[in-house]
Amino acid sequence: MSTAASETAALSFDELADLLERIFVRHGVSPENARILAANCAGCERDGSHSHGIFRIPGYVSSLASGWVDGKAVPVVEDTGGAFIRVDAQSGFTQPAFFAARDLLVERTRQHGIGLLAIRRSHHFSALWPDVEPFADEGLVALSFVNSMTCVVPFGGKKPLYGTNPIAFAAPRKDEPPFVFDLATSAIANGDVQIAAREGRLLPEGMGVDSDGKPTRDPKVILNGGALLAFGGHKGSTIALMVEILGAALTGGYFSGEFDWSDFKGAQTPKTGQLFIVIDPERGGNGVFRERVSEICELTREAGQERLPGDRRLVIREKSLRDGIAISAADHQMLLSKLA
Ligand code: NDP
Ligand code: PYC
């Protein structure tokens, strides 16, 4: 670790992951689950996914302390024998449930051309891109859907119902990192609303409403009785609904508005479900899938879109790997305080 004059710490990935692993274990997560969660969280911080990196540690810790999520859960994999695999996360975090079935999912995808993994009774509190990107590194196409906690009003509605319900997608490209996007179906992720509230910033127009359904740019009003809107009007709202269907109805998980955490003071991790669809593009038979993905990305740039999804993250990743992951003195202190 090196410390600059600004007192921002620069931690290597391993240093940060090790610190996070110790925090998770300190708060009741089993060593094997802690290793998975720590690598995930450190990866988010390394790539500049700040709303789902170390910013989430207090929420992980308070959720664990409340008894709402089981850090020691041992996921149960249900092999249907075909392309469809199920996992009961046993009210633990999603990522250990995912890793319990990941190798089988890849095996079945290679066997059948497509693999589905349905995870239920799971708590996903992170970004989704870490879940899908490695599939594309192995030459596969991956899609994932997860529903979260009620804070999004359906189009034209008054009452929040959907979660911020992200979708992530990854596809391999020729001689370059995979094309990856990862986006909330709300106009803005709840985590970014919390960060704006903490920093005293107003949000752009069109992201949220107050408790009377009136438009507001104030993140505190949105978080305290208000709600978010879906991105893109009725279209985004419909996609958010689809994520409820795929993330919950299909997996056997809870809808975003269905679970009751009111008896668990401090609980922040949504207990829902997650679906993965993984495809082997070799089955497309044209033999040039990677080239075609690169081609359409290049055509998109030539058409004038300078930044593609994933570009920002990869630049930050490169810098973090070169210079260390920048952690402010306040955040570093916050992390160390969680070891006490
Ligand atoms: P953003 O809107 O910041 O980014 C969404 C996607 O669009 C990213 O792939 C991003 O690439 C890309 N992107 C952003 N701006 C541009 C631009 N100007 N031009 C081209 N591409 C762009 O993310 P969200 O606020 O929608 O989501 C933030 C995170 O919150 C996600 O990681 C998501 O998984 C997470 N989340 C998790 C939930 C959960 O239940 N676990 C619930 C909701 C959200 P890049 O990454 O390179 O910036
Ligand atoms: O940022 O919307 C969000 C979110 C919900 C659950 C985890 N992150």
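How about the stretch 137-165: which of its residues are in contact with a strand residue (DSSP E or B) (Cβ under 6 Å, 6 or more places away or on another chain) and either within 23 Å of Thr269 (Cα to Cα) or near ligand 1 (Cβ under 10 Å from one of its atoms) (or both)?
Within the stretch 137-165, the subset in contact with a strand residue (DSSP E or B) (Cβ under 6 Å, 6 or more places away or on another chain) is 139-147, 151-153, 160, 162, 164.
The answer is Leu143, Ser144, Phe145, Val146, Asn147, Cys151, Val152, Val153, Pro160, Tyr162, Thr164.
For residues in the stretch 179-218 being part of a loop (DSSP other than H, G, I, E, B) and among the aliphatic types (A, V, I, L, M), which is farthest from ligand 2 (Cβ to nearest atom)?
For the stretch 179-218, the residue satisfying everything is Leu202.
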- Item | Sole residue being touching a strand residue (DSSP E or B) at 6+ places or on another chain (Cβ under 9 Å) and modelled with pLDDT under 95, chosen from Gly213, Gly208, Gly226, Gly236 | Gly213
- Members of the stretch 166-192 that are more than 7 Å from ligand 1 (Cβ to nearest atom) and charged (D, E, K, R): Arg173, Lys174, Asp175, Glu176
- Query: Considering only the stretch 137-177, how many residues are under 30 Å from Phe289 (Cβ atoms) and either touching a residue at least 60 places away in the same chain (Cβ under 8 Å) or within 16 Å of ligand 2 (Cβ to nearest atom) (or both)?
  - Reply: 20
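A quick yes/no check of all residues on (1) under 24 Å from Val141 (Cα atoms); (2) within 19 Å of the chain's Cα centre (by Cα); (3) open to solvent by less than 80 Å² (accessible area, probe 1.4 Å); (4) not assigned by TED's automatic domain parsing to the domain that holds Leu105:
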residue	(1), (2), (3), (4)
Phe255	no, yes, no, no
Ala267	no, yes, yes, no
Arg283	yes, no, no, no
Arg292	yes, no, no, no
Asp323	no, no, yes, yes
- Message: From the list Asp131, Asp103, exactly one residue is within 13 Å of Gln274 (Cβ to Cβ) and among the acidic types (Asp, Glu). Which is it?
- Response: Asp131
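The values are calculated or read from the model by the stated rules, or taken from the named source; none is laboratory data. Quick caveat: nothing in here was measured; it's all calculated off a predicted structure. Backbone-built Cβ (ideal geometry, glycine too); neighbour counts: all protein chains shown. Please note that ligands, DNA and RNA were not included when accessible areas were found on the heavy atoms of the full protein model with its side chains. Shrake-Rupley method; radii C 1.70, N 1.55, O 1.52, S 1.80 Å.
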